[in-house]
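The values are calculated or read from the model by the stated rules, or taken from the named source; none is laboratory data. Just so we're clear, the structure is a prediction, and the values are computed from it rather than from any experiment. Virtual Cβ from ideal backbone geometry, glycine too; neighbours counted across all protein chains shown. Please note that ligands, DNA and RNA were not included when accessible areas were found on the heavy atoms of the full protein model with its side chains. Shrake-Rupley method; radii C 1.70, N 1.55, O 1.52, S 1.80 Å.
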Amino acid sequence: MPDTLQHLFDNNRAWSRQMLEHDPCFFQKLSSQQAPEFLWIGCADSRVPANEITGLLPGELFVHRNVANLVYASDLNCLSVIEFAVNTLHIKHIIVCGHYGCGGVKAAMQQQTHGLIDNWLNGIRDTYARYEEELLAIPDLTARANRLCELNVITQVAQVARTSIVQEAWLRGQLLTVHGWIYGLNDGQTKDLDVCIDRLEQVNPLYRLVAATP
Ligand code: CO
């Protein structure tokens with residue numbers, strides 16, 4: 001007989017009761033609309049739960065997670081999430097949040113195969129190559145990997161800002177800020193990497209779209 005995971009249903013019932021004690025109309029209100037202000041692009045790692053670590057309720061955070069919080073211009077999944085969040089939900093902030101000790105980042109630093117995921121992680125190898133001098137100057141391998149976790153976030157923030165979705169929003173005058181954060185598995189704290197981008201002028205001209213002439 002398969003395990004039907006009854007304990008998870010029990011948890012769920014207890015949780016929904018608790019939410020209703022706090023606000024009897026909570027689910028009724030949420031079911032009619034969602035109006036989150038934030039899009040979270042984070043790692044799929046089970047230790048980095050977006051809502052919990054930001055203290056946000058259901059309805060307050062739109063979430064996309066994948067291995068090592070990567071944003072590729074060819075990733076239909078991620079781009080669809082960004083498009084819906086920006087164009088339909090009109091979210092005001094996109095938060096790319098990486099984390100120290102990221103297994104995806106560590107795997108990308110190893111010269112061995114991990115299967116299909118090697119292709120996914122190639123973006124991190126590109127970042128490593130770009131910052132190789134800085135990274136090789138860090139002798140401690142854990143510290144080096146953690147710096148690469150930060151550099152990966154910084155790179156993905158730039159990737160988000162290079163999408164036509166975000167640039168067109170800025171050209172329309174929509175308020176939208178892209179943030180880069182990193183989370184510590186050790187202490188449960190998020191840190192702002194101070195790489196906010198909130199306008200087209202901050203994007204390298206080579207990647208900048210020009211407003212269409214009417
Ligand atoms: Co990770």
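At a glance:
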read-out: Shape call, segment 77-158: gyration tensor on alpha carbons, a/c limit 1.5; value: prolate
read-out: Carbon + sulfur, % of accessible area of the chain - ligands and nucleic acids excluded, 1.4 Å; value: 54
read-out: Accessible-area order (highest first, 1.4 angstrom probe) of the listed residues Phe62, Phe9; value: Phe9, Phe62
read-out: Base-10 log of normalised Debye intensity for segment 5-122 (one unit scatterer per alpha-carbon) at q = 0.09, 0.11 Å⁻¹; value: -0.34, -0.50
read-out: Net +/- balance of residues flanking Gly103 in space, Cβ distance below 14 Å, scoring K and R +1, D and E -1; value: +1
read-out: Mean Cα-pair separation over length for segment 24-170, i.e. relative contact order, pairs under 8 Å, 6 or more apart, %; value: 25
read-out: Residue-averaged [θ]222 nm for the chain, counting only DSSP H segments that reach four residues, each worth -39500 (n - 2.57); value: -12000 deg cm²/dmol
read-out: Accessible area expressed per residue, the chain, with surrounding protein chains retained (probe 1.4 Å, Å²); value: 59
read-out: DSSP-defined beta bridges in the chain - what % are antiparallel, rounded to 5; value: 20
read-out: DSSP-assigned coil residues among GluC sites (Glu not before Pro) in segment 1-63, each with at most 16 further Cβ atoms within 10 Å; value: Glu37, Glu60
read-out: Three semi-axes of the equivalent ellipsoid, segment 61-214, Cα gyration tensor, whole Å, largest first; value: 28, 16, 15
read-out: Cα shape, segment 1-64, gyration tensor, a/c 1.5 rule; value: oblate
